[in-house]
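Where a number appears in this text, it was derived from the coordinates with a stated rule and is not lab data. Just so you know, these numbers come straight off a predicted model, no measurement behind them. Backbone-built Cβ (ideal geometry, glycine too); neighbour counts: all protein chains shown.
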Amino acid sequence: MGTLVEMKGIYKLFGGLCAINNVDLTIGKGEVIGLVGDNAAGKSTLMKVLSGVYPPTEGDIFVEGQQKIFKSPHDARNVGVVMLFQDLALVQDLDVTDNIFLGKELPKRIFGQDMRFLLDRRTMDERSEKFLRELEINVDSIKEKVKNLSGGQRQSVSIARTIFFNARLVILDEPTSAISVKETQKVLDLILQLKKKGVAVIIVSHRMEDIFNVADRVVVLRRGKKVEDIEKCKTTPELIIKRIIGLNDGAGCNQ
Amino acid sequence: MNKFYARFRLFYLNNSIIFIFIALSVMSGILSDKFFSVRNWLNILNNFSVTGIVSCGVALVLIAGGIDLSFGSILACCSVFAAFLEPRSLFLAILLPVLLGVLLGLFNGFIVAKIGANPLITTLGTQWLYFALLMIVTSGNLVQGNSDTPFHFIGHGKIFNIPFPIYFFLGIVLFAWFLSRKTLYGKYLFAHGSNKNALFCSGIDSSHIYMMTFAIMGLLVGIGGVVLSSRLIGVRPTEGGRYLMNVLTAVILGGVSLNGGIGSLVNVMIAVVVLGVIDNSMVLLGVPYKDQQIIRGGIFILSIIYNNYLVNQSEIFRRKSVSQES
């Protein structure tokens, strides 16, 4: 598995507060990483740096060996790094198709010319319906407004969107925090589908069960520092929890 | 939940203005035998054409998640400017007031979308600013136009026996509907009002869309100003204030969410007609002018309560449907 993204010596300061303190992180192609930590550990900040929401105060990001500077989420998206924020990724008052094609709309063709300001709704509807069917995502109708979908369906549509955008690294912020058990399984299945397609995934979550269900590797942050980076098979949820809260448990620490 | 009932309830919540319109028309028809005459309906549409044109612009701004309270002053500026230019050049009397509307709307849009100021406070400020400038320029006097020029046709002419302002009104509704429902701009307009962070996360700088919406509102208000000027022949600088209440009532009654992201231009048009029907009924029933003002104020308050009720009911209904499905 080759390296897809590498973060080296990342610092992020907010005034005098050091939210991220010299963190290195390597993400392989098609790898699923569980990023865990207590509140204010710096998980979301680190992921926002990676997805272009915040510029790092110091440190470098490499994508397939090439140094990248993300000035906005748009820059990160252009190289295939997409972050799905809790409830921020979708426009609730737009329908499923509109959400899937948000930012990548198909223009209507009139007399062989692309009319950029007009939408080719029929083609977009057909493609999104086919696409959701392929991913086994069930929604009543693609014309349904996203706010009328259940939490799991919304999350699935968000993830489907990233595949549609040809993402190579998808960052999921608490993807299962507000959905039922049944729907959680669907979302986890979708993450495994992403992995099968060679898409790397970082899951930021408090739910250890979900992390251990799908992740290949677990990374623990505490107070802005990386305190653990270990393969799933070499650790247990109990040991990870001890690392999160800072108990000296003797588990292998790469600090 | 029964699917048919669920669909009907959703349709009702999204389009209840249609039911209000039907109920009100039937009631007015019973109270006055003249109500259902073609002449009366053309009269209603004609009288409320300027309100309708301006309402479309204001509705677009609300859908985008903003608000513009300066439309009354912009309307007054444009209509006075049109009256001033009308004796000089027909072409300029139509073109320049519309451009002025765009510029004034764009100024609001720049402050709100690019600088990030609160739209309510900003446009409250520009409302006074535009009005004060107009009062200085006109010294508060009526600006007189001519009544026998081609310009007069815009407000008073008829095609196939239908007053010309009605064509303007319906044309603008069609334009605004097309813009909001069929174009990329329209999609981003709703998205900006609903969740502009999602647009940002998708790499779309929606501040242009937001600013442009104020400019489009200015364009439509400018067109409304030209129609108003042509209709009145002479325009007072205070003319725009009359439209403030009616336009806001129509937009809110038409179901446009005050929080942005939700709204239908067709429903706004029906709401304009509903206000026209109420106004018409009051005249047919001989309600004194002062009482009419009280009723209009009451309708405005009721429309806000009603809008709030619709939003709450839709949310309750949505949660019920989602919890039953999952």
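With N counted as the residues of the protein assembly as shown, its alpha-carbon radius of gyration over 2.2 N^0.38 Å works out to 1.16.
Between the listed residues A:VAL219, A:SER205, A:PRO237, the Cα displaced farthest toward the positive end of the dipole of segment A:172-255, a dipole computed from Cβ unit charges relative to the Cα centre, is found at A:VAL219.
Of B:ASP205, A:ASP38, the sequence from fewest to most neighbouring Cβ atoms within 10 angstrom is B:ASP205, A:ASP38. Based on the reciprocal of the average 1/r between different C-alpha atoms, the Kirkwood radius for chain A equals 19.1 Å. As a length-normalised measure over Cα pairs under 8 Å and 6 or more apart, the relative contact order of segment A:18-111 settles at 18 percent. With an 8 Å Cα cut-off and a minimum separation of 6 or more residues, compute the relative contact order for segment B:228-326 in percent. Computed value for segment B:228-326: 28 percent relative contact order.
I want to verify a result. In a Gaussian network model of chain A, Cα cutoff 10 Å, which of these has the top mean-square fluctuation: A:SER180, A:SER205, A:SER156? Per the Cα network of chain A with a 10 Å cutoff, A:SER180 tops the list. Couplings 3J(HN,Hα) for segment A:62-70, derived from phi with the Karplus relation 6.51 cos²θ - 1.76 cosθ + 1.60 (θ = phi - 60°), are 10, 10, 6, x, 9, 5, 10, 10, 9 Hz, where x marks Gly and Pro. Taking the helices alone, chain A has a mean residue ellipticity at 222 nm of -9000 deg cm²/dmol, built from -39,500 (n - 2.57) per DSSP H run of at least 4 residues and averaged over all its residues. Inter-part distance, segment A:116-194 to segment B:228-287, computed on C-alpha centroids, equals 41 Å. Among the listed pairs A:LYS197/A:LYS242; A:LYS108/A:LYS143; A:LYS108/A:LYS195; A:LYS29/A:LYS232; A:LYS71/B:LYS114, a Cα-Cα separation exceeding 25 Å is found for A:LYS197/A:LYS242; A:LYS108/A:LYS195.
Dipole magnitude for chain B: about 640 debye, using +1 per Lys or Arg Cβ and -1 per Asp or Glu Cβ, origin at the Cα centre. When only Cα pairs below 8 angstrom with a gap of at least 6 residues are kept, chain B shows a relative contact order of 33 percent. Of the Cα atoms belonging to segment A:190-240, the radius of gyration and Dmax stand at 11.5, 34 Å. In segment A:25-159, a dipole from Cβ-located charges (positive for Lys and Arg, negative for Asp and Glu) runs towards its positive end, and of A:GLY151, A:PRO73, A:GLY28 it is A:PRO73 whose Cα lies farthest in that direction.
Choose one of B:LEU284, B:PHE151, B:LEU189: the residue whose Cα lies farthest towards the positive end of the charge dipole of chain B (beta-carbon charges +1 Lys, Arg; -1 Asp, Glu; about the Cα centre). Checked the options; the winner is B:LEU189.
Assuming charge only on the beta carbon of Lys and Arg (+1) and of Asp and Glu (-1), the dipole of the protein assembly as shown about its Cα centre is about 380 debye to the nearest 20.
Put simply, the C-alpha atoms of segment B:48-90 give a gyration tensor, and the ellipsoid matching it has half-axes of 25, 11, 8 Å, longest first.
Secondary-structure-derived ellipticity at 222 nm for chain B, considering helices only, amounts to -26000 deg cm²/dmol, per-run term -39500 (n - 2.57) for DSSP H runs with n ≥ 4.
Build a GNM of chain B with springs between Cα atoms under 10 Å apart, and of B:GLY52, B:GLY193, B:GLY109 the one that fluctuates most is B:GLY193.
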